[in-house]
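Reading through the structure tokens given below for one structure.
The values are calculated or read from the model by the stated rules, or taken from the named source; none is laboratory data. Quick caveat: nothing in here was measured; it's all calculated off a predicted structure. When we count neighbours, we look across all protein chains shown, and the Cβ atoms used for this are built from the backbone with ideal geometry, even at glycine.
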Amino acid sequence: MSTSETTTAPGDIRPRLRWGVPAYVLLVLAAMAIAIVVPKTGYVLNISLQATTYAIAVLGLTIVLGLCGQINLAQAAFFGLGAYAVGLGQTHYGVNFWVCLLIGTCVAAGFGALLGASTLRLGGHYLAMVTISFQQIVTLVLINWIPVTNGPDGVRAIPRPGFLSDGSIYLAFCIAALGTLGFLVWHLRDTRLGRAMRAVRDNELAAGVAGIDVYRTKVTAFALSAILGGIGGGLFAGGFSYVSPDQFSFAESVVFLTMVLLGGVASPIGAVIGTGLLILIPEWLRFLKSIPGLYLAIYGAAVILIVVFMPDGIWGYLRGLLDRFKRAVLPTRTSAALQLSGGGQGSETVLEVRGLSKHFGGLKAVDEVDLTIRRGGVHALIGPNGSGKTTTLNVLSGLYKATAGSIVLNGQDITGLPPHARTRAGLGRTFQNIRLWRSMTALENVMVGAERPGSPAGNDPAALAERARAALAFVELEDRADEVVSSFSYGHQRAVEIARALAGDPVLLLLDEPGAGLNSSEKVELRDLLKRISARGLTILIIDHDMTLVSEVAQHITVLNFGRRIADGYSADVLKHPDVIAAYLGTGPDAAA
């Protein structure tokens, strides 16, 4: 095991909470004090209220787009729902301000979850079209449902709570709300849900196999985004005492999107920076409005230049500089050894597959395959190209639904379970084409794997980080734990993927051609790694075309050809089997013999 030293885990947020929270609270209190004490004109007050309430709505895009990677072009609709709930509830029905704000937030959350539910079958530009359609529907309802919404005239004379009637005090309250919500969004990134969202953003398939409920994660992201939009809209209505449909049109959703992209899509600080700039830049350029076209040209050019030269936004650029500095100065430490239970106590058989079939129309990719994997050791599944090996693994891990047959893992029937549920049952997997979350560090990638329910780390953030570090040390990459995996070589990325699967302490580890793309020295390292894993008692099912690697690590081999099992037994016997030789060499059994 490597004992390389490395920096403090980003997954352990306690150091940041210890020093960052007091400074953050002081900053928010100072902003509130300035809002109350410093004299200001009505114009300055309105600009400040707009920036603060807009920033709350933009925080929602930080969650749904920045963390979860889902396109949302309907944030202005959620903003409008919150605003109209506060406006109509007080002026038409005499409901308390806080109750109206709660109702607007709940209504927005419900519609947000509904939009998130559409992600089950939609994604990309189709999802964008759905959110645009929802935005347009809300705008049309606000304009045309005159008996309820007052139509184009909007809602006037919206009151505030008595103790917030003064504009400066109300602004201070909005700043406090922004500070509180911003802290929660900042903290979300390093929670279990936040890591799940980031995993879904980078690679949904890998997220599902790592034990994440992808669909529920997306719905949650949309609902949280809508909640923040609703809160921002409700506070906006109280701040300006007037709302109308044109304030919540599709154009405003585009403005919200531009704000989050400008400041930095993955950070609440970026959301605040982008909102402030996009509201303040036009005010700074007011003196140019006397020159036709020049104002818009400079305004557009400034936004375009920031987006082009800072693709991660202003805060993303600054955060990159800060992270490089932190890696250079933070103290170092070492991790404990990785503990693998080897599947714990149970029957001698860890996986029992009977009559497994997968048909694609008339093609029988897997045809009534029986497979028994005994606890401990390495079991290889081999066969020529197109024999159904990877399809079998995809059916075992739940990526494909079996046409027929049964799968029993460690005594539990998992035949009908989705991928994330099979992972929770104890199945770990890697892919032939490496599927890591490339915007995350090696440590963060492995921490997601360590969060499998029932794993030794539990839900303690410090224990998760320690477990992840131990897994990286086991594959001899602990010294690079805090580096983004996109900077790793192909072989090291393969090792990180294996470490991610090991961190969850699976009952059975599925390896889909782990030697593919590796050079000779990397294959030697892989062979030694597989032997170390097997020595810990963990059961491995491996697919690989490298017969040297298979013969060195596997004690038992099953051979497939045209989707059917043609041989099964001890490695030395199977590799000499005439049918196996015929399948690989393309000759008849007699000639092969």
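Return the residue satisfying two criteria in turn: it lies in region 140-154 and is of a type in the set (Val, Ile, Thr) and touching a helix residue (DSSP H, G or I) at 6+ places or on another chain (Cβ under 6 Å), and of such residues it is surrounded by the fewest Cβ atoms within 10 Å (Cβ to Cβ).
Among them, the one singled out is 143.
Inspect region 281-302 for any residue being surrounded by fewer than 16 Cβ atoms within 10 Å (Cβ to Cβ), within 20 Å of residue 66 (Cβ to Cβ) and either in the same structural domain as residue 67 (by TED's automatic domain parsing) or modelled with pLDDT of 75 or more (or both) and give the result as yes or no.
No, because not a single residue in region 281-302 is surrounded by fewer than 16 Cβ atoms within 10 Å (Cβ to Cβ), within 20 Å of residue 66 (Cβ to Cβ) and either in the same structural domain as residue 67 (by TED's automatic domain parsing) or modelled with pLDDT of 75 or more (or both).
Out of curiosity, is residue 62 among the hydroxyl-bearing types (Ser, Thr, Tyr), more than 27 Å from residue 187 (Cα to Cα) and touching a residue at least 60 places away in the same chain (Cβ under 8 Å)?
Here the answer is no, as residue 62 does not meet what is asked.
For residue 403, indicate whether it is under 19 Å from residue 431 (Cβ atoms) and among the β-branched types (Val, Ile, Thr).
No; evaluated as a whole, the condition is false for this residue.
Looking at the structure I just gave you, is residue 470 of a type in the set (A, V, I, L, M, F, W, C) and more than 20 Å from the chain's Cα centre (by Cα)?
yes
Test residue 518 against the criterion of being without any contact (Cβ under 8 Å) to a residue 60 or more places away in the chain, hydrophobic (A, V, I, L, M, F, W, C) and not in a helix (DSSP H, G or I), and give yes or no.
yes
Among the listed residues 146, 175, 132, 169, which satisfies the condition of being among the hydrophobic types (A, V, I, L, M, F, W, C), free of Cβ contacts under 8 Å to residues at least 24 places away in the same chain and at negative phi?
146
Do you know which residues across region 532-547 are over 13 Å from residue 498 (Cβ atoms), touching a helix residue (DSSP H, G or I) at 6+ places or on another chain (Cβ under 8 Å) and in a helix (DSSP H, G or I)?
547 - this is the single residue of region 532-547 that is over 13 Å from residue 498 (Cβ atoms), touching a helix residue (DSSP H, G or I) at 6+ places or on another chain (Cβ under 8 Å) and in a helix (DSSP H, G or I).
Please indicate, with yes or no, whether at least one residue in region 229-249 is touching a residue at least 12 places away in the same chain (Cβ under 8 Å), within 30 Å of residue 501 (Cβ to Cβ) and in contact with a helix residue (DSSP H, G or I) (Cβ under 8 Å, 6 or more places away or on another chain).
no
Assess whether residue 362 counts as being over 35 Å from the mean Cα position of the chain (by Cα), modelled with pLDDT of 90 or more and farther than 19 Å from residue 430 by Cβ.
When the stated conditions are applied, residue 362 does not pass them.
Test residue 391 against the stated conditions and say whether it is farther than 30 Å from residue 191 by Cβ and in contact with a Phe, Trp or Tyr (Cβ under 7 Å, 6 or more places away or on another chain).
yes
Hey, does region 402-418 have a residue that's assigned to a helix (DSSP H, G or I) and out of contact with any Lys or Arg (no Cβ under 7 Å at 6 or more places or on another chain)?
Checked against the condition, which is being assigned to a helix (DSSP H, G or I) and out of contact with any Lys or Arg (no Cβ under 7 Å at 6 or more places or on another chain), region 402-418 yields no hits at all.
Taking only region 450-476 into account, find how many residues are closer than 23 Å to residue 528 by Cα and of a type in the set (Asp, Glu).
Number satisfying all stated conditions: 1.
How many residues are outside any helix (DSSP H, G or I) and either of a type in the set (D, E, K, R) or surrounded by 14 or more Cβ atoms within 10 Å (Cβ to Cβ) (or both) if we restrict to region 31-52?
Number satisfying all stated conditions: 1.
May I ask you to list the residues in region 232-271 that are of a type in the set (Ser, Thr, Tyr) and farther than 15 Å from residue 160 by Cα?
244, 249, 253, 258, 267
Pairs please, first residue from region 399-418 and without any contact (Cβ under 8 Å) to a residue 60 or more places away in the chain, second anywhere and surrounded by 16 or more Cβ atoms within 10 Å (Cβ to Cβ) and hydroxyl-bearing (Ser, Thr, Tyr), Cβ atoms under 7 Å, 6+ apart in sequence or on different chains.
The qualifying pairs are 400/391; 402/357; 402/415; 403/357; 404/357; 405/357; 406/415; 407/415.
When you go through 149, 139, 191 one by one, which is the residue that is closer than 30 Å to residue 449 by Cβ and either hydroxyl-bearing (Ser, Thr, Tyr) or at pLDDT 95 or above (or both)?
The conditions single out 191.
Among the residues in region 254-265, are any touching a Lys or Arg at 6+ places or on another chain (Cβ under 8 Å) and either at pLDDT below 95 or closer than 30 Å to residue 322 by Cα (or both)?
yes
Out of 517, 491, 504, which single residue is among the small types (Gly, Ala, Ser) and in contact with a strand residue (DSSP E or B) (Cβ under 7 Å, 6 or more places away or on another chain)?
504
Take the residues in region 434-464 that are in a loop (DSSP other than H, G, I, E, B) and among the hydroxyl-bearing types (Ser, Thr, Tyr); name whichever of them is surrounded by the fewest Cβ atoms within 10 Å (Cβ to Cβ).
Per the criteria, the residue is 439.
Name the residues in region 555-593 that are in a helix (DSSP H, G or I) and either within 30 Å of residue 531 (Cβ to Cβ) or modelled with pLDDT of 85 or more (or both), would you?
571, 572, 573, 574, 575, 578, 579, 580, 581, 583, 584, 585, listed by residue number.
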